[in-house]
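First the structure, in the form of structure tokens, and then the observations on it.
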Amino acid sequence: MSFSLETMLHALKVASVYIPTTLFIAFVSLFIGGIFGLLIALVRLYNIKILSSIFKFIITILKGIPIVLIILGTFLLSSQFFNPLAKSLGWRITFKDVNMITIAVLALSIMATIQLSEIFRGTLASIKKGQYDAAKSIGLTTFQTIRRILIPLAFPVALPMISNLLINLIKASSLASMVAVVDIFAAAKISANQNYRFLEAYVAVAIIYWALNFLIEKSSNFLENSLNRKLRRSFQ
Amino acid sequence: MIALENVHKSFQKQQVLKGINLKVEKGEVVCILGPSGSGKTTFLRCINFLEKADQGSIKIGASQVDFSTASKNDILKIRRQTAMVFQNYALFNNKTAKENIMVGLILAQKMLPQKAEELALELLQKVGLADRADFYPSQLSGGQKQRVGIARALALNPEVILFDEPTSSLDPELVGQTLALIKQIADEGGTMILVTHEMGFAYEIADTVVFMEGGVIVEQGTPDEVFNHPAEERTQQFLSRFTDHQKVGQQAV
Ligand SMILES: Nc1ncnc2c1ncn2[C@@H]1O[C@H](COP(=O)(O)OP(=O)(O)OP(=O)(O)O)[C@@H](O)[C@H]1O
Ligand SMILES: [Mg+2]
């Protein structure tokens, strides 16, 4: 089997066009997951009755499901239930009008929420009791304590795990091609379908993912260093 | 004036405070003594609402709050009129000495950041740490950390400062300077409740000495009454373990 550099470069060019799609899916999912993950982690940290055990139960179940199944499940469930729901809400759209990127974002947001809730729970739990006591004793409200004390302490510790998750989300977004989203991976496959040059296409895809992850890791390290300078000093 | 009445607190099945009554007048210094596990820390934490007492009430100035029915606002109100100095300092690790003092001023007391900074620097000056304003806790010695803790408490201008064994985590050579600072605050009219094992210091600084054991106040009175003429046998037994310190106290007279 011969390897054509030219074909590979062509695939690279075609696929690169969809880098924004992939990044969009990954970052939006990370953002949504960040909000819900933090909320769930706080509910569990403050041990809020009933909600806390409900979240614990849901997360235990979802944690064990492969992301492929979550994507396919999200697609299947929404294809079944979207139309009746839209109708009952009086919307004028049907499932056919829904952009498949939404489905991908929904599925990856579930993945991100689960992982981030665990990441935040761990880092929040590692904050020493004295920090909570001090915040309460100077008269901060719970919300001020969370926003001004807990999150600034937890975030730098969580950052490497968050950046790891982002990399995983980018890779997982390639599975979104299963629900007809055209992302980097799907675009490369489509270009390969025209000339049956799959090896070149896959190499091109690998290069793009590798470059993206390299960039993310570098910027995360940079952010981590600048954020952690204080904290590291305080733990030396 | 601060008045605590009938304070009860249990952890799981264990009853730690069994009805404590204590009145502290403005400017009064109360020292609490007692063996380990007698509930001294728990009592201070209940005053600051770091633990929620099961029963009893607290009165500070015009606010009277029942522990069992305290609302979020009541809790915040009491917390903002009391300040705690912790045995292990409990400074915010990711904030400088100055910022540790400023957080409460800006967030709880709604002071303008610029004014908060001025006050923080002034207080650091007072506790002898003007040159450490931008240092993180990890860059400070135990004694310096504790003085930042004291400055943080002072900044809030509380009705009462609660000290929980402020010097027991310190190296012996650092104890003196911290005690001197506490003495200075007392001399300036600060109201305080101080848990300590430094008998000599308690003798010297206290207006009232309280001996606690098993979750109750066994005896209370002036330093002279409690140290030199304890009425209760349990107080005598406890103090006999500190005879050396007691002598130090008597020499100070
Ligand atoms: N959060 C808690 N949960 C369960 N039990 C606790 C808790 N805090 C304190 N206790 C128990 O309450 C009792 C009194 O503790 P406390 O810390 O008030 O004693 P103390 O008089 O301050 O002792 P020390 O002189 O050793 O500091 C102890 O038996 C302790 O085990
Ligand atoms: Mg104690």
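The values are calculated or read from the model by the stated rules, or taken from the named source; none is laboratory data. Source: prediction; values computed, not measured. Glycine gets a Cβ as well: all are built from the backbone with ideal geometry, and neighbour counts include every protein chain shown. Keep in mind that these areas ignore ligands, DNA and RNA; they rest on the heavy atoms of the full protein, side chains included. Shrake-Rupley method; radii C 1.70, N 1.55, O 1.52, S 1.80 Å.
Tabulated results
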| read-out | value |
| --- | --- |
| Rg/Rh (Cα only; Kirkwood hydrodynamic radius) as it applies to segment A:41-151 | 1.13 |
| Where the protein assembly as shown is the region considered: accessible area per residue in Å², 1.4 Å probe | 49 Å² |
| Candidate lysines - alpha carbon under 17 Å from B:K40, same-chain residues fewer than 8 apart omitted | B:K9, B:K18, B:K23, B:K52 |
| Carbon + sulfur, % of accessible area of chain A - ligands and nucleic acids excluded, 1.4 Å | 68 percent |
| Estimated FRET transfer efficiency (B:Q64, B:Q15; beta-carbon r; R0 22 Å; 0.05) | 0.35 |
| Over 25 Å (Cα to Cα) - which of A:K56/A:K218; A:K129/B:K59; A:K128/B:K145 fall in this group | A:K56/A:K218; A:K129/B:K59 |
| Kirkwood hydrodynamic radius over Cα pairs of chain A, then Stokes diffusion coefficient at 10 °C and 1.306 mPa s, in µm²/s | 79 µm²/s |
| Peptide A:142-153, shielding by other chains (average Cβ, 10 Å cutoff) | 2 |
| Relative packing of A:156-162, B:162-168, B:66-72, which averages over residues the other C-beta atoms within 10 Å, highest first | B:162-168, A:156-162, B:66-72 |
| Sulfur and carbon atoms: percent of accessible area, chain B [1.4 Å] | 46 percent |
| Inverse mean reciprocal Cα-Cα distance (Kirkwood Rh) of the protein assembly as shown, Å | 26.7 Å |
| Those residues of segment B:135-158 for which accessible area with every protein chain present is at least 40 Å² below the isolated value (1.4 Å probe) | B:Y136, B:S138 |
| Distance between segment B:64-106 and segment A:104-173 - C-alpha centres, whole angstrom | 23 Å |
| Area hidden from solvent between B and A (accessible, protein heavy atoms only, 1.4 Å, total, Å²) | 2200 Å² |
| Rh (Kirkwood; distinct C-alpha pairs) - chain B, Å | 18.7 Å |
